[in-house]
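Rule-based calculations on the coordinates, nothing more; no lab input. Keep in mind that what you see is a predicted model, and the values were worked out from it rather than measured. Glycine gets a Cβ as well: all are built from the backbone with ideal geometry, and neighbour counts include every protein chain shown.
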Amino acid sequence: MEKKGLSSLEMILSILASLATVGSIVFAMLWGNAKSATVQIEQEPGKPIEIRIVDLPEIYDNLFKEKEKLKEELDQQNEQTIPVNVPATTLASVEAETDVILANVIYSGKYHTIYPLSESNSFDMGSDTYRTGFTIGADNYSLFGEGNGFALFDLKGKYSKLHVDVGRVNRTDLGIEDAILKVYLNGEYITEYQLSGQQPPKPISIELNYAQDLKLEIEGSKIVYGFANGIFEF
């Protein structure tokens, strides 16, 4: 005998399955930003009933808006995050003192020039112009040259390190010469750095070990080197 319709149990199971399908579609619509969908429930073989879900209720629209709002807030937080691995010469932390202090702690020297922040005074290294920092020269070439230049710093035992960019100052009256930077702490020679006159400024880090004073000396034929972007670490 041919079966004409669904039994009560089959009808209930069919409706439950359809409801589950509707729930899945609604969930997909919420997260896929869809506004409508079509579901077919088969009441009898060959005679589907079409149910169309259109214009989700206001609560779903609110969920969409909250989702977008949270996404925007997360994007803004990511944009404001400061990168972790930033060189000391490019980012001054809370526990450091910058260029202005670098110039201020110089109390004496020879063949040196201090550049406090100013619109009228500056020096050039590489392709950049610097308005804060200092320069040290040397003249062991001229008959009446001044010899090695140096700068003296009163550190008062406050600092552990000095980070600074060092490079040859661009001047037409001077040659493109290499130099040696000598470092003295508490009156004693500590170390030295070979400086190239054919390269742009390079960052160096000097261990200060909370010394009371620092002397930076430039040794060369006839040359001037600049110091900028300086940071003292406590």
- request: Report ³J(HN,Hα) in whole Hz for each residue of region 121-136, in order, from the Karplus equation J = 6.51 cos²θ - 1.76 cosθ + 1.60 where θ = phi - 60°; Gly and Pro get x.
  value: 10, 7, 9, 10, 9, x, 9, 10, 10, 10, 10, 9, x, 7, 10, 9
query: Between Leu70 and Tyr107, what is the spin-label point distance in nm, taking each point 7 Å from the Cα along the Cα→C-beta axis?
result: 6.0 nm
task: Work out, step by step, the length gained on full extension between Thr129 and Lys161: first 0.36 nm times the residue separation, then minus their alpha carbon distance; give nm to one decimal.
output: 9.0 nm
- request: Rank the residues Phe144, Phe153 as a footprinting-exposure proxy: fewest other Cβ atoms within 10 Å of their Cβ go first.
  value: Phe144, Phe153
message: For Asn209, project a label point 7 Å along Cα to C-beta. Then give me every residue of region 173-202 with its amide nitrogen under 16 Å of that point.
response: 183-192
- prompt: Given the convex hull over the Cα atoms of region 99-204, what projected area results after averaging over all orientations, in nm²?
  reply: 7.4 nm²
message: Suppose each label sits 7 Å from its Cα in the direction of the beta carbon; what would the Asn121-Glu192 distance come out to in nanometres?
response: 2.9 nm
task: Provide the packing ranking of 130-138, 201-209, 112-120, i.e. peptides ordered by the mean count of other C-beta atoms within 10 Å per residue, highest first.
output: 130-138, 201-209, 112-120
